[in-house]
Amino acid sequence: MSRVVVVGAGVVGLSCAVRLLEAGRRVDVVARDLPLETTSAVAAAFWYPYRAAPHDKVAAWGSRTRAVLEEIAAGADGERAGVVLRDGTEVLPRVSPDPWWASAVPDLRRVEPPRGYADAWSFVSPVVEMPRYLPWLAARVESLGGTITRMNLSALPPGGDVVVNATGIGSRHLASDPEVHPVRGQVVVVEQVGLERWWVADDGPLPTYVVPRSRDIVLGGTADEGDWSRTPVEETAASILRRTAELEPALAGARVLRHKVGLRPARPSVRVERRGRVVHCYGHGGAGVTVSWGCADEVASLAAEVLDD
């Protein structure tokens, strides 16, 4: 049986591992950080293309991923996987054309903007509760016969018929790619106060979003280019709480549960390509969850080019 080593245990690496196992490959996932320690674990994680290019490929990968997440939400594993479909609204400070990713969202509709905004659209988005979803993905890998092992690598491993590089920000070193850089994202997690709808405000350099989950709400955020710090900043948290309460007044006074920081693996374009027996899949910016299954399908096809020759 052909052996594939997947390096990286975030949402992209685990999704790739599942697709490769389903194709009949032997798959071993190795990673410095286990799933709940990765950047993926910090994500608010609802379907929304952010900081990822090229647009045509991201829209196609996103469309495929949206369909898979909808299937999971509707299936028997939906609750255990932490995937639910939620309606929500993006608000804009000026009248704008449809978003570049509109082709992936057939239910996108214009709505009356709230006071203070000039435009708005709504659609149903899969919301993915990462503290549930990542363990569900890991369990899926293991149930299909794969393994997940903590391993601190200084280079991509020499073993395996194919190596899949899904190391996110680590690809700056492991793929010798200086184009990969962090876009720091800080979030505040607050108690669930009865919200069902998500909100996004596209009103400047700071992304503002409200993403309700079953037991809490993720509030964001920041987009600090080139910042490697994983330490939450008190003033930033205060800004997030203020901005999100202006967007959704029901959040005023919500009890803060925790603060988190993740480093989005940004790149001018997402890299999904084969180089010899290595298949690279990284640089997803703020859209790792949004394009995960679409990219995993492409990775499985690229691996097959090597393994089935």
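Residue by residue through segment 242-258, note down the ones that are part of a helix (DSSP H, G or I) and free of Cβ contacts under 8 Å to residues at least 60 places away in the same chain.
Just the residues of segment 242-258 that are part of a helix (DSSP H, G or I), to begin with: 242-247, 249-251.
Hits for segment 242-258 are 242, 243, 244, 245, 246, 249, 250.
Select, from 59, 45, 52, the only residue that is crowded, with 18+ Cβ neighbours inside 10 Å and in contact with a strand residue (DSSP E or B) (Cβ under 8 Å, 6 or more places away or on another chain). Spell out how you get there, then give the answer.
Working: 59 fails: in contact with a strand residue (DSSP E or B) (Cβ under 8 Å, 6 or more places away or on another chain); 52 fails: in contact with a strand residue (DSSP E or B) (Cβ under 8 Å, 6 or more places away or on another chain).
When all the criteria are applied, what remains is 45.
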Exercise for review: Filter segment 88-146 down to the residues that are touching a helix residue (DSSP H, G or I) at 6+ places or on another chain (Cβ under 6 Å) and assigned to a loop (DSSP other than H, G, I, E, B), then identify the one that is surrounded by the fewest Cβ atoms within 10 Å (Cβ to Cβ).
Suggested key: 100
Revision key, fill the gap. Taking segment 175-193 and keeping residues in contact with a strand residue (DSSP E or B) (Cβ under 9 Å, 6 or more places away or on another chain) and part of a loop (DSSP other than H, G, I, E, B) leaves 175, 177, 179, 180, 192, 193
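How about segment 1-37: which of its residues are within 20 Å of the chain's Cα centre (by Cα) and part of a strand (DSSP E or B)? Explain how you work it out, then say what you get.
Our first condition is that a residue be within 20 Å of the chain's Cα centre (by Cα); within segment 1-37, this holds for 6-20, 29-37.
Once the filter is applied, which keeps residues that are within 20 Å of the chain's Cα centre (by Cα) and part of a strand (DSSP E or B), segment 1-37 yields 6, 7, 29, 30, 31.
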Practice item. Could you list, in sequence order, all residues of segment 268-292 that are part of a loop (DSSP other than H, G, I, E, B), surrounded by fewer than 23 Cβ atoms within 10 Å (Cβ to Cβ) and at negative phi? Key: 268, 269, 277
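May I ask you to say which residue of 304, 250, 237 is in contact with a Gly (Cβ under 9 Å, 6 or more places away or on another chain) and surrounded by fewer than 22 Cβ atoms within 10 Å (Cβ to Cβ)? I'd like the intermediate steps shown before the answer.
Details: 304 fails: in contact with a Gly (Cβ under 9 Å, 6 or more places away or on another chain); 237 fails: in contact with a Gly (Cβ under 9 Å, 6 or more places away or on another chain).
Going through 304, 250, 237 in turn, just one is in contact with a Gly (Cβ under 9 Å, 6 or more places away or on another chain) and surrounded by fewer than 22 Cβ atoms within 10 Å (Cβ to Cβ): 250.
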**Study point:** Selection from segment 193-221 of residues that are buried (at least 21 other Cβ atoms within 10 Å of the Cβ) and among the polar types (S, T, N, Q)
**Key:** 208
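Bear in mind these aren't lab numbers, they're just calculated from the coordinates by the rules spelled out. Keep in mind that what you see is a predicted model, and the values were worked out from it rather than measured. Every residue, glycine as well, gets a Cβ built from its backbone with ideal geometry; the counts of neighbours run over all protein chains shown.
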